[in-house]
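Q: Attaching a single structure in structure tokens format; questions to follow.
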Amino acid sequence: MSTQFKLGINAGFAINRFPEPEVWLRIVGNELGLKYVQFVIDLLNPFLPKIVIDREVEKIKKNAVKYGIKIDTTFTSAFTRINHLMHPDELQRRVWLGWFKCWFKISADLGARGSGGHWPFTSQYNE
């Protein structure tokens, strides 16, 4: 019985230094020789206007094809220390719900098979 592994990288390395998809995807594909990426939300915040998101998604997809890379999964990254869906204010919870819906759409549009993060699932607040 043999086990197969697929080596990939979390795109967090690109957040502050290489935010352009054409740069970080070239690094991943050409310089590191990897074919799988976990895309991080820091590179494309769902709060950005739809026109920006759509343009960036297209640039990511185009360059992923160019460098033979699969956006395998996505991750919430630095947006993990926020109350998100457990915020005590109902309006803010609704805003975060919309944010997550947009994030999951971005993830699907990039072809990711899943998304992860640090999300609280219990609350001291009763609905």
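Q: Rank the residues Leu32, Leu43, Leu25 as a footprinting-exposure proxy: fewest other Cβ atoms within 10 Å of their Cβ go first.
A: So the ranking, lowest neighbour count to highest, is Leu32, Leu43, Leu25.
Q: Collect residues whose amide H, placed 1.01 Å from N in the peptide plane, falls under 5 Å from the amide H of Lys70; neighbours closer than 5 in sequence don't count.
A: When sequence neighbours closer than 5 places are left aside, the close amide H contacts are Tyr36, Val37.
Q: Among Tyr36, Tyr67, which comes first, second and so on when ranked by fewest other beta-carbon atoms within 10 Å?
A: Exposure proxy ranking, most exposed first: Tyr36, Tyr67.
Q: Quote the charge dipole size of the chain about the Cα centre in Debye, to the nearest 20; the model charges only the Cβ of Lys and Arg (+1) and of Asp and Glu (-1).
A: Dipole size: approximately 360 debye.
Q: Then there is this: With a cut-off of 8 Å between alpha carbons and a minimum separation of six or more residues, what is the relative contact order of the range 8-116 in percent?
A: 30
Q: Given the DSSP H assignment, sum -39500 (n - 2.57) over each helix run of at least 4 residues in the chain and divide by its residue total; what's the result at 222 nm in deg cm²/dmol, nearest 500?
A: Counting only the DSSP helices, I get -11000 deg cm²/dmol.
Q: Check cross-link reach from Lys35 to the aspartates and glutamates: straight Cα distance under 14 Å, and skip same-chain residues fewer than eight apart.
A: The reachable aspartates and glutamates, counting only those whose Cα sits under 14 Å from Lys35, are Asp72.
Q: While we're here: Hey, got a sec? Which trypsin sites (Lys or Arg not before Pro) in the range 3-78 land in a DSSP loop and have at most 11 other Cβ atoms within 10 Å?
A: Answer in residue order: Lys6, Arg17.
Q: Also, I was wondering about something else. Using only the Cα atoms of the chain, what semi-axes does the equivalent ellipsoid have when each is the square root of 5 times a gyration tensor eigenvalue? Give whole Å, largest first.
A: Listed largest to smallest, the semi-axes of the chain are 29, 18, 12 Å.
Q: Relative to the longest principal Cα axis of the chain, at what angle does helix 90-109 sit, 0 to 90 degrees, rounded to 10?
A: Computed tilt is about 20 degrees.
Each value in this text was obtained by applying a stated rule to the coordinates, not by laboratory testing. Small disclaimer: the values here were computed from a predicted structure and weren't measured. Here the Cβ is made from the backbone with ideal geometry for all residues, glycine too, and neighbour counts use every protein chain on show.
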